[in-house]
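Every read-out reported here was derived from the displayed coordinates using simple, explicitly stated rules and does not represent laboratory data. It should be emphasised that the depicted structure is a prediction, and the values quoted were computed from it without experimental measurement. Cβ placement follows ideal geometry from the backbone for every residue including glycine, while neighbour counts extend to all protein chains displayed.
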Amino acid sequence: MHYYQHHIGDFIKATARLSDTQSMAYLRLLWMYYDSEKPLKPDTKVLAFQIGATVEETELLLESFFWLAENGWHHTRCDQEIAEYRSFLDKKSNAGKASAERRKNIRSTGVEQVLDSSATGEQLTTNQLTNNQSKVANATPDLGKPKSVPPAPIQEIVEMYNTILPELPQTVVVNDSRKRAIAARWREVVTADKLDRQGGLDFFRWYFEMVKTSKFLTGKSKDWKADMDFLFNPSKFPRVIEGTYHKEQK
């Protein structure tokens with residue numbers, strides 16, 4: 001997780017008797033927990049070094065705010081927040097895969113109808129094929145397209161990408177080519193899922209969060225990492241949604 005809900009009032013109450021140094025050390029333990037999404041390793045000497053505290057202070061903080069299990073020091077609220085975060089990603093992942101499947105079905109409808117027509121024994125002429133494709137294209141809005149597709153909030157999507165994925169090459173130049181790619185993927189998503197503007201933004205927030213969890217896409221497994229152009233490429237976009245670039249982690 002690269003962010004979490006920090007309940008200021010609860011934190012102040014919990015750390016009221018701690019010194020400023022101890023409060024900072026406790027906060028660093030929380031950051032380590034959320035960043036790794038795992039219980040803290042039981043080696044207090046290493047933890048003390050990592051948070052800049054003494055071994056005694058570290059042991060006191062662990063015994064006061066965490067509980068020890070076989071796999072390390074657990075924190076109840078951290079575990080709850082991480083579980084909710086993973087559940088959110090799972091739900092969005094399932095929704096994203098369903099969206100990709102719907103878009104694939106919509107795109108393939110025209111081809112299926114043309115193939116089905118050959119079963120009648122008729123040989124299609126060029127004009128007939130063109131007319132059939134035209135009919136399918138005109139019928140596409142009835143397969144899930146909302147009455148009005150909200151304009152693509154291109155700048156907001158770019159800023160969201162730069163904020164959520166600082167480890168990837170930052171997008172500074174938003175030229176016509178990138179605008180067209182972002183707008184095209186936006187139309188695909190809001191059309192297939194009948195989303196409003198906020199729903200579309202929520203989808204792309206999930207999309208970037210999903211990218212962040214891929215070691216391959218973020219350059220943690222190879223000397224390469226994705227960028228804005230890769231993530232909005234028409235052939236790569238559905239593959240990212242379907243988890244193709246996460247398979248090495250399963």
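Checking the cross-link pairs Lys91/Lys222; Lys45/Lys225; Lys45/Lys247; Lys41/Lys91 against a 31 Å limit on the alpha carbon distance flags Lys45/Lys225; Lys45/Lys247 as lying beyond it. For region 37-54, the residues whose amide N sits under 18 Å from a probe point set 7 Å from the Cα of Met24 along the beta carbon direction are 47-54. Taking 0.36 nm per residue of separation and subtracting the Cα-Cα distance, full extension of the segment from Asp229 to Thr163 would add 22.1 nm. Counting beta carbons within 10 Å around each of Thr218, Thr163, Thr76 and listing the fewest first gives the order Thr76, Thr163, Thr218.
In which sequence would Met210, Met32 go, from the one with the fewest C-beta neighbours within 10 Å to the one with the most?
Numbers: Met210 19, Met32 16.
Listed from fewest to most nearby Cβ atoms, that is Met32, Met210.
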